[in-house]
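Asks: Quick one: this structure, given as structure tokens, is what I'll be asking you about.
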Amino acid sequence: MNIVACIKQVPDTSEVKIDRETNTLIREGVPSIINPFDLNAIEEGLLLKERFGGSVTVISMGPPQVESALREALSLGVDRVVLLCDRAFAGSDTLATSCTLAAAIREIGFDLILCGKQAIDGDTAQVGPEIAEWLDVPHLTYISAVEEVSDRSITVSRLLEGGYERVRASLPALLTVVKELNEPRLPGYRASLRAKTEPVTTWGAAGLNLDPANIGMKGSPTKVTRSFVPELGRQGQFLAGSPEEQAAALIAALRSARIVHGSAKES
Amino acid sequence: MNYFLTPEQELIQQIARRFARERVAPLSAALDEKSEFPRRLLEVLAKTDLCGVYIPEEYGGLGGGMFEFCLVVEEISRVDSGVAISFAGTGLGTIPILLYGNEEQKKKYLPDVAAGKKIGAFGLTEANAGSDSFAQETTAVKDGDYYVINGTKQWITNAGEADVYTVVAVTNRAKGARGISTFIVEKGTPGFSFGKKENKMGIRASTTGGLVFNNCRVPRENLLAKEGMGMIVVGRTFDQSRPGVAAQAVGIAQGALDQALKFARHRVQFGQPVIRMQAVQHMLADMAIQTEAARALVYSVARDIDSGGKGVAKAASIAKVFASDAAMKVSTDAVQIMGGAGYMKDYPVERMMRDAKITQIYEGTNQIQRNIIASELIKERDEW
Ligand SMILES: Cc1cc2nc3c(=O)[nH]c(=O)nc-3n(C[C@H](O)[C@H](O)[C@H](O)COP(=O)(O)OP(=O)(O)OC[C@H]3O[C@@H](n4cnc5c(N)ncnc54)[C@H](O)[C@@H]3O)c2cc1C
Ligand SMILES: Cc1cc2nc3c(=O)[nH]c(=O)nc-3n(C[C@H](O)[C@H](O)[C@H](O)COP(=O)(O)OP(=O)(O)OC[C@H]3O[C@@H](n4cnc5c(N)ncnc54)[C@H](O)[C@@H]3O)c2cc1C
């Protein structure tokens, strides 16, 4: 089974501070990490390879410093890493990002693509499903368990708000994964030694047969017009006491807000 | 202090440190409270390749020696020595195979131990054979191609959890100390079962229990070394493994010092952090002195062992006594510096102080170590 895991290098948001003036993240001096959910994607790739054989390739699009994230992926034991790095990719929104990643993944060849459920900085959760659309393969999101894998299909559990949903898709397919899926391993000794010397394959736009209109700034229809902190419009209020006391307090509150009318006796 | 680790040794230390901080630390208090064997954590460790750190590459290990083993034990012990000893207990059970196993035995057992697929244990102690380990009552009687083992071992680290046990038994009582042998016994062998799991003061994540042999038939191929060499195997094994206990002690001392320092910097009394009080500073300084001195000693002895140094018994005992006494003192002082907070289970020094005690007891009490050191001194000739 040939598996491609997509990883994004992100600022460690547990260390990040917000600039109150501009409402943007202060990225300077903040350590970069692999997007945490992408570590679950890598781990699942490695677990599936342990069971079914094949290979795990990790791919990331970003500036040259993303090489350190890819070396970390190598230290976890993946077979190969590919960096998509080119000035032509600069300014990509999720559509251009996914278009570029999809072209590279097609080039690599795949039975299964694994992505994180979302990046902890961009947070859109769009890139995974968009890659699947570009490649015209099914995608299954929020995967918390891989239950069955056969030559032609994969059965998984999706973690939804109210419970789990078991679904099956034909292969090849793309999954986006949640942290409940597995416990990412630590770097291994042997893989870490290899990670120091292994070359990181770097691809630019040229070799990927990409339409210049679909990548970088040009391929990015998203426009950020304004970013702001939403006004605090409503606030919850907790009522305490016995059920009777709570009911009385609720009715009083609804009356004083003029949502209900009349006295207690009438109602 | 710079101990001039090679890049490979630094990598081993770094991986062990990450394992301890990221994976062990969040579970320590619960493992201690529930006295729960850290099987899942050992699986995580296995994937880092560190389970085979002291096993030659030809048997699937990383090709390091006792020095690298000590680095791993120290780093894990800095956070939780109960978890560290669950790993090191396998080392204690495996060293006899490394030292005395024949090619078939090594090929059969070492790769699985190196890969973390098999856990090991070492069964020497009995109800009436503690410090006096020669007073073995367990017997192994030859019967054709088998040895039939009968007897009970007590207080064995990893009992019941381990897959491979190195067991000491009397093969010829008439020969006394030369009538004792060592065997490899696999879990699941008919006639081999386990006694009760002990409820302990410290290293509670580590399982300690009994081994019960009731007409347990072990194939002749499982005899380690030759018949009658058992106590030599035991002695040489301890020469190698004692620095591991010392490394456990260094880890506990360092972990307790880490905690006490952090606390002293933040705890304010009389309008200033308590670290500003000279009485506290001197305690911290003494803790650092003892910890660093212990580490320097342990590293030196471990390197001596790995370079094939002869007569390491004395040095191994010196390291074990010094480091374990340091761990007890430093962890006790860490509790003192932290006052009431140090006495509470909310902070790890309470556990570390309980954990430290065992390092003065097992693999030979510190009294026995002093006997060994003294007997070596007696043998030495006048220098001038
Ligand atoms: C409105 C908007 C405008 C933007 N405009 C710009 C811009 O002008 N210039 C600019 O540089 N950036 C811009 N970005 C950022 C950039 O487009 C996104 O960071 C990127 O597309 C990934 O989206 P995300 O962070 O929401 O990831 P998600 O879609 O949340 O990520 C889901 C998963 O997709 C995979 N993935 C995501 N990104 C990558 C990647 N780069 N490589 C490999 N795998 C990946 C990972 O597996 C990840 O877990 C913009 C983002 C938004 C939301
Ligand atoms: C948690 C734990 C794990 C253990 N794991 C293992 C294991 O994996 N495998 C194994 O085989 N054993 C194991 N042991 C046993 C351990 O090695 C023994 O407990 C230890 O060697 C001391 O023996 P004892 O407890 O019988 O003490 P005793 O021998 O009864 O000693 C009692 C006291 O007398 C002192 N003493 C005894 N003889 C002398 C002497 N000649 N000179 C001066 N003082 C003396 C001792 O120092 C001690 O203070 C473990 C023990 C514990 C508590």
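Here, each number is a calculation from the coordinates, and none is a lab measurement. Predicted model, so just to flag it, every value in this text is computed and none were measured. Using ideal geometry, Cβ is built from the backbone for each residue, glycine included, and neighbour counts are taken over all protein chains shown.
Asks: Using Cβ contacts closer than 10 Å as the measure, can you line up B:GLU198, A:GLU148, B:GLU75 from fewest to most?
Replies: Sorted ascending by nearby Cβ count, the order is A:GLU148, B:GLU198, B:GLU75.
Asks: Looking only at other chains, what is the average number of their beta-carbon atoms within 10 angstrom of each beta-carbon in B:46-57?
Replies: Values: counts 2, 10, 9, 8, 3, 0, 2, 1, 0, 0, 0, 0.
Mean shielding count: 3.
Asks: Out of all DSSP beta bridges with both ends in the protein assembly as shown, state the antiparallel percent to the nearest 5.
Replies: 65
Asks: Say each of B:PHE270 and B:ASN215 gets a label point 7 Å from the Cα, pointing the same way as Cα to Cβ; how far apart are those two points in nm?
Replies: Modelled inter-label distance: 7.3 nm.
Asks: Write down the percent of antiparallel bridges among all DSSP beta bridges whose residues are both part of chain B, to the nearest 5.
Replies: 85
Asks: Among A:PRO221, B:GLY61, B:PHE263, whose Cα sits farthest toward the positive end of the charge dipole of the protein assembly as shown (+1 at Cβ of Lys/Arg, -1 at Cβ of Asp/Glu, about the Cα centre)?
Replies: B:PHE263
Asks: Here is a follow-up. Could you tell me the calculated FRET efficiency between B:ALA115 and B:THR6, based on Cβ-Cβ distance and R0 = 22 angstrom, to the nearest 0.05?
Replies: FRET efficiency, B:ALA115 to B:THR6: 0.40.
Asks: Let me ask another. Just checking the output field for A:182-189: average partner chain Cβ neighbours within 10 Å of each residue's Cβ? Walk me through the intermediate numbers first.
Replies: Numbers: counts 0, 4, 1, 6, 11, 8, 6, 14.
Across A:182-189, the average partner-chain Cβ count within 10 Å equals 6.
Asks: Still on this structure: Among A:THR57, B:THR139, rank each residue by its count of other Cβ atoms within 10 Å, from fewest to most, as a rough exposure measure.
Replies: Final ranking by Cβ density, sparse to dense: B:THR139, A:THR57.
Asks: Using the basic label-point model (7 angstrom from Cα toward the beta carbon), what is the A:SER14 to B:THR152 distance in nanometres?
Replies: Going by the 7 Å Cα→Cβ label model, 4.8 nm.
Asks: Something else about it: Measuring from label point to label point, each 7 Å out along Cα→Cβ, what is the A:ALA240 to B:ILE361 span in nm?
Replies: 4.8
Asks: In debye to the nearest 20, how big a dipole does the protein assembly as shown give about its Cα centre with +1 on each Lys and Arg Cβ and -1 on each Asp and Glu Cβ?
Replies: On the way: 73 positive and 78 negative charges, 229 e Å.
Dipole of the protein assembly as shown, to the nearest 20 debye: 1100 debye.
Asks: Moving on. From the square roots a ≥ b ≥ c of the eigenvalues of the alpha-carbon gyration tensor of region B:191-249, which class results: rounded (a/c under 1.5), prolate (a/b over b/c), or oblate?
Replies: oblate
Asks: With helices defined as uninterrupted DSSP H runs, which ones in chain B have an alpha carbon span along their own long axis of at least 18 Å and mean Kyte-Doolittle hydropathy of at least 0.5?
Replies: Values: long enough: B:81-100 (28 Å, 1.40); B:230-266 (53 Å, 0.18); B:278-306 (41 Å, 0.21); B:313-343 (41 Å, 0.54); B:366-379 (20 Å, -0.22).
Long hydrophobic helices here: B:81-100, B:313-343.
Asks: What number comes out for the charge environment of B:MET229, summing +1 per Lys or Arg and -1 per Asp or Glu over other residues with Cβ under 10 Å away?
Replies: Counting the neighbours of B:MET229, the net charge comes to +2.
Asks: Going by how many other beta carbons lie within 10 Å of each one, how would you line up A:PHE52, A:PHE228, B:PHE19, fewest first?
Replies: Ranked by crowding around the Cβ, least crowded first: A:PHE228, A:PHE52, B:PHE19.
Asks: Less than 12 Å Cβ to Cβ from B:ARG276, Lys/Arg counted +1 and Asp/Glu -1: what total charge do the surrounding residues give?
Replies: With Lys, Arg at +1 and Asp, Glu at -1, the net is +2.
Asks: Long-range amide H contacts for A:SER153: which residues qualify at under 5 Å (H placed 1.01 Å from N, peptide plane, sequence gap of 5 or more or a different chain)?
Replies: A:LEU171
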